[in-house]
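Take a look at the structure set out below.
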Amino acid sequence: MLLGGSCHSGGARGNLGDSGNDSAKCKSIQTGTTADWTYVREGTGNSLEERNYAGAGTASDTKDPVAPRGHRLWRCVLAPLPLLLLPFLVPDLLSNKAPLTRELEDCKRQPGGCSLCTTSSGEDKMCCPAEACEFNTTTATITTTTTAGPEPVTTTTSTPYGPMGKCSGWGDPHIRTFDGNRSDYYSSGEYYLVNCSLISIQGRYGPTEYTNGLAVTKEVGIGGPLLKGNKLIIAPLAATWNGAPILQGRPSQFQQPGIVTIHFDDIGQLVDTTGGVDPSKKQIVHINISDGSPEGLYVQVNRWTQSPGNEYVNWMVQMHSRPGCDGHCGNFNGNGADDDRLDVHRRIGIHGVPDGPLLVFAKKTPIVIAPNRPHLQDCPTATMDNAKADCKAAYDHYSKACLEDYCFAGKEVALDKV
């Protein structure tokens, strides 16, 4: 394609004239198309014999060219150069079109290394690989050494990890999942807070003298390959590493090189920000676990011990997302809507961590479900919210018995004593 009246650089097939003095002349073609190429626009000459080029001088005689033949040849050769340079200029031009190429805004990690992206126009797109949504999956390398046999065996495992997130639990217990959903759990037992292939963080829920049968977090236990077979338990009044006491004063610390570093002090933020605790009484256990990422995996446990008989802990987990994780902290997939208590129960059940080698705690608390009576954990979230509000208004508090009656027998039964 030629611009204006310049000629094709192909030479032999160009319209450079066919005989005599015209053999080295560029001719302006009024028609838009020849047998060999199409022109962007026609020239300004009146005929093939009269060459009146706009802005380039005029000639009334074919024997009196506008410029020497050599000059005309250079025009023929140089004119297509900008076109030849376009392949080199296009990448640089496109790199400056950030608003067009970075259209994807809301990136949600999905299974299989893909991302669900919402464009600026609201359209959902699946993007594979996940980097299309600016979600960079990194690989952490974990080395585990076992000594069960006659000789130590070292195993290296590579696992991907994604963005950093935070999950927290406080009170009886209320949980804010990694993906931002608020869920409440009230029943006693040992449950997975976070359960991944490399880490198992478990919570032991149980009532106190002042919670009217409702559970709070009594202990946090941690195990799994990242701890290389060891078990860490943090309770309100004690902490153990494989059953042996640690952190017996404040401040104090405990360390297993390459595995975990723990500090016990009164420095740090409160997990419970509702105003229900006294900040001047805080006791905080900081747990830093090596997981192959630059930041590591961090668990914070706030101990509350000032009221005898009402000891409990609040907790917070900060970590990178990993494929296949689930628990009361949710599945960390970027979608808070599937972290509702009932959704979590459908995925992992209501019986908690099974008794056996997966249980970090020494003993399993039986989870009893009365015959012909649904479990409190099966109460729909909206009904539970109404039950808490109405029971508290009627009795100045809400108890496990009132919530169960409200959820499964009705409001009238739950409040018939008022």
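Structure notes:
- The set of residues in segment 199-217 that are buried (at least 21 other Cβ atoms within 10 Å of the Cβ) and touching a Lys or Arg at 6+ places or on another chain (Cβ under 9 Å) comprises 199, 203, 204, 205, 214, 215, 217.
- Check on residue 309, buried (at least 21 other Cβ atoms within 10 Å of the Cβ) and small (Gly, Ala, Ser): no
- Residue 317 being within 30 Å of residue 377 (Cα to Cα) and touching a residue at least 24 places away in the same chain (Cβ under 8 Å): yes
- Residue within segment 362-370 that is surrounded by fewer than 17 Cβ atoms within 10 Å (Cβ to Cβ), free of Cβ contacts under 8 Å to residues at least 60 places away in the same chain, touching a Phe, Trp or Tyr at 6+ places or on another chain (Cβ under 6 Å) and of a type in the set (Lys, Arg) present: no
- Verdict on residue 396 being modelled with pLDDT under 90 and under 24 Å from residue 338 (Cβ atoms): no
Quick grid of which residues meet (1) at pLDDT below 90; (2) under 25 Å from the mean Cα position of the chain (by Cα); (3) under 22 Å from residue 398 (Cα atoms):
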position: 164; (1), (2), (3): no, yes, no
position: 171; (1), (2), (3): no, no, yes
position: 175; (1), (2), (3): no, yes, yes
position: 191; (1), (2), (3): no, yes, no
position: 225; (1), (2), (3): no, yes, no
position: 237; (1), (2), (3): no, no, no
position: 244; (1), (2), (3): no, no, no
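- Residue that is at negative phi and touching a residue at least 12 places away in the same chain (Cβ under 8 Å), where the choices are 237, 247: 237
- Scan of segment 176-214 for residues that are under 24 Å from residue 357 (Cβ atoms) and aliphatic (A, V, I, L, M), ordered by number: 193, 194, 198, 199, 201
- A residue that is polar (S, T, N, Q) and closer than 29 Å to residue 232 by Cα can be found somewhere in segment 355-378.
- The residue list 360, 353, 317 contains one member that is within 18 Å of residue 223 (Cα to Cα) and in contact with a Lys or Arg (Cβ under 6 Å, 6 or more places away or on another chain), which is 360.
- Segment 294-306, subset touching a residue at least 24 places away in the same chain (Cβ under 8 Å) and either farther than 23 Å from residue 228 by Cα or surrounded by fewer than 16 Cβ atoms within 10 Å (Cβ to Cβ) (or both), residue farthest from the chain's Cα centre (by Cα): 306
- Among the conditions (1) touching a Lys or Arg at 6+ places or on another chain (Cβ under 6 Å); (2) farther than 24 Å from residue 296 by Cβ, the only one that residue 171 does not satisfy is (1).
- The criterion of at least 1 residues that are outside the structural domain of residue 195 (by TED's automatic domain parsing) is met by the following helices (runs of 4 or more DSSP H) wholly inside segment 311-418: 381-395, 400-408, 411-414.
The values are calculated or read from the model by the stated rules, or taken from the named source; none is laboratory data. Since the model is a prediction, treat every value here as computed from it, not as a measurement. Neighbour counts are summed over all protein chains in view; Cβ atoms, including those assigned to glycine, are modelled from backbone coordinates with ideal geometry.
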